[in-house]
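The values are calculated or read from the model by the stated rules, or taken from the named source; none is laboratory data. These numbers come from a predicted model, not from an experiment. As a convention, Cβ positions derive from the backbone with ideal geometry for all residues, glycine included, and neighbour counts pool all protein chains shown.
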Amino acid sequence: MLFYWDEELPIKVGSMSIGLDIGASLAKGVLVDEGLNIVDKCVLPVADPRAVAQEILGRLLRGFGGRILDFAGAIAVSGGGSRFLGDKILGLSVKRVDEIRAIGFGGLLLAGRSEGLVVSAGTGTAIVAVYEDGKVVRHVCGTAVGGGTIIGLSRRILGLTDFKTLEDMALKGNPSNVDLTVGDIVGGPVGIVPAEATASNLAKLTHESDLNDVAAGIFNMVSQTIGVVAAMAARACGLEDSVIITGMLAKSGIASKIICETARLFGAIAYVPENCEFSNALGAAALAIRERYVSM
């Protein structure tokens with residue numbers, strides 16, 4: 001899937017915008033100024049998409065004294081849950097923005113780059129190649145593993161679903177106690193793969209495995225999968241030097257570290273920008289500002 005800008009467009013316009021990303025598990029919202037900077041932000045769990053969108057919008061408006069109502073043309077929305085929002089929220093029109101475009105453009109803005117491979121690691125993972133300051137956006141691939149995989153496996157294996165608790169356990173654990181390494185199999189490195197690299201995730205898992213090690217192994221499996229897929233996609237797209245990791249999973253210190261290390265092992269340089277979890281919401285807001293400028 002390819003999207004092209006037809007003409008050069010200036011970034012700054014005389015208005016602010018709100019972007020909402022209604023995901024499968026969490027909803028994110030940003031208030032964006034005329035320079036496409038994040039002025040305020042909010043994250044809430046999704047139970048009812050419309051209700052959470054109203055709550056986030058209300059919080060952003062309260063934080064800005066409600067004045068955005070005087071000059072915001074529409075609320076830009078993206079993400080799978082955006083289809084449930086209807087045509088208006090709190091009296092403001094809803095403008096739907098294609099999620100792939102929002103992911104790609106938001107990732108470039110956060111990273112301050114003119115091109116890159118944007119890896120949106122949320123409940124699952126989408127990978128988008130972006131060129132020419134966002135004029136060309138291509139949906140490359142993705143993987144069905146992500147934060148949702150960590151929660152699902154942990155629910156079944158550990159009986160736990162709180163992400164912070166699982167992350168703390170993983171930091172205490174050793175994935176090598178549940179993963180089979182290259183060194184375990186061949187006694188040393190193979191090609192570009194070092195001996196300590198994982199050969200088979202969770203292959204040594206038993207009923208007696210330490211729970212912290214199990215949590216570490218689950219994080220390792222999900223994060224390594226994302227890192228490998230990202231590196232292969234970056235090489236295919238000629239973007240090995242500009243892999244931008246975004247999404248809520250990228251907020252996890254242990255997950256982002258493993259993703260970046262794995263990508264580097266396979267020849268790609270990965271980077272996690274500040275406010276990485278707001279890439280989609282920022283992209284939606286920024287694209288709405290651009291398109292509103294074109295229609296003026």
Using beta carbons and a limit of 7 Å, which pairs, at least six apart or on different chains, have the first residue in region 21-40 and over 18 Å from Ala111 (Cα atoms) and the second one of a type in the set (Lys, Arg) and surrounded by 15 or more Cβ atoms within 10 Å (Cβ to Cβ)?
-> Asp21/Lys28; Gly29/Lys41
Within region 171-187, identify whether any single residue is farther than 24 Å from His207 by Cβ, in a loop (DSSP other than H, G, I, E, B) and either in the same structural domain as Met232 (by TED's automatic domain parsing) or in contact (Cβ under 8 Å) with a residue 12 or more places away in the chain (or both), and answer yes or no.
-> yes
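Residue under question is Leu117, and the condition is that it be crowded, with 22+ Cβ neighbours inside 10 Å, modelled with pLDDT of 90 or more and either of a type in the set (Lys, Arg) or farther than 20 Å from Lys135 by Cα (or both); does it hold? Walk me through how you get there before you give the answer.
Details: crowded, with 22+ Cβ neighbours inside 10 Å: yes; modelled with pLDDT of 90 or more: yes; either of a type in the set (Lys, Arg) or farther than 20 Å from Lys135 by Cα (or both): no.
Against the criterion (crowded, with 22+ Cβ neighbours inside 10 Å, modelled with pLDDT of 90 or more and either of a type in the set (Lys, Arg) or farther than 20 Å from Lys135 by Cα (or both)), Leu117 does not qualify.
One line per residue, one yes/no per condition, for (1) in contact with a Pro (Cβ under 9 Å, 6 or more places away or on another chain); (2) assigned by TED's automatic domain parsing to the domain that holds Met169; (3) in contact (Cβ under 8 Å) with a residue 24 or more places away in the chain:
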| position | (1), (2), (3) |
| --- | --- |
| Thr198 | yes, yes, yes |
| His207 | no, yes, no |
| Ala230 | no, yes, yes |
| Ala236 | no, yes, yes |
List every residue pair whose Cβ atoms lie under 6 Å apart, where the two residues are 6 or more positions apart in sequence or sit on different chains, the first residue falls within region 94-119 and is free of Cβ contacts under 8 Å to residues at least 12 places away in the same chain and on the phi < 0 side of the Ramachandran plot, and the second residue, located anywhere, is part of a helix (DSSP H, G or I) and crowded, with 24+ Cβ neighbours inside 10 Å.
-> none
Check whether at least one residue in region 76-89 is basic (Lys, Arg) and free of Cβ contacts under 8 Å to residues at least 40 places away in the same chain, and report yes or no.
-> yes
A careful count of residues in region 48-84 that are at pLDDT below 85 and aliphatic (A, V, I, L, M) gives 5
